[in-house]
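Remarks on the structure that follows.
The values are calculated or read from the model by the stated rules, or taken from the named source; none is laboratory data. Keep in mind that what you see is a predicted model, and the values were worked out from it rather than measured. In this analysis, Cβ positions are derived from the backbone assuming ideal geometry, glycine residues included, and neighbour counts consider all displayed protein chains.
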Amino acid sequence: MQTAYRSAKRIQLTPVRAYVPTPTPSQHIVVHTLEFIELLHPDEIQYVRAESNYCVFVMQDGHELMASKTLGSFERHLQAHGFIRPHQSYLVNTSFVRRIRKSSGYALCMRDDTEIPIARARRTQIVDQFTG
């Protein structure tokens, strides 16, 4: 009887958090804004624009969130989700690119008609990535 009691007691001491699924860092991007800590899914982010030492996240529905980190601090994590850096001021989700403009300087044309410039030094790499 004592053995049964001990094993039951062990079951009760098992931490509950082991059974609660928590999102892994790879499933979302943590963005600290003035009011909130936002958990953004990478598929909902169209692009990220640098503004001095801040980043502006432009979302799929058009709203923007400003974070007090540099673009470089988000770059590695977003690249794992299909983002590219066509210019020093932008990280772009490739699934939102509609076409590439070639005239008067190369640019990525987004679904919402925003044009993201492509730096001359990155032009060949970016175009090759889309055209194969």
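Values for this structure:
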| quantity | calculated |
| --- | --- |
| Count of the range 34-90 residues which are assigned to a strand (DSSP E or B) and among the charged types (D, E, K, R) | 5 |
| Pairs, first more than 16 Å from THR114 (Cβ to Cβ) in the range 39-68, second hydroxyl-bearing (Ser, Thr, Tyr) and in a strand (DSSP E or B), C-beta under 6 Å, six or more apart | MET66/TYR54; SER68/TYR54 |
| Sole residue being surrounded by 12 or more Cβ atoms within 10 Å (Cβ to Cβ) and at pLDDT below 95, chosen from LYS69, LYS102 | LYS69 |
| Residues of the range 111-129 satisfying the condition of being outside any loop (DSSP other than H, G, I, E, B) and either free of Cβ contacts under 8 Å to residues at least 40 places away in the same chain or in contact with a strand residue (DSSP E or B) (Cβ under 6 Å, 6 or more places away or on another chain) (or both) | GLU115, ILE116, PRO117, ARG120, ALA121, ARG122, ARG123, THR124, GLN125, ILE126, VAL127, ASP128 |
| Lone qualifier among ARG76, ARG85 - being more than 13 Å from PHE130 (Cβ to Cβ), crowded, with 18+ Cβ neighbours inside 10 Å and under 16 Å from the mean Cα position of the chain (by Cα) | ARG85 |
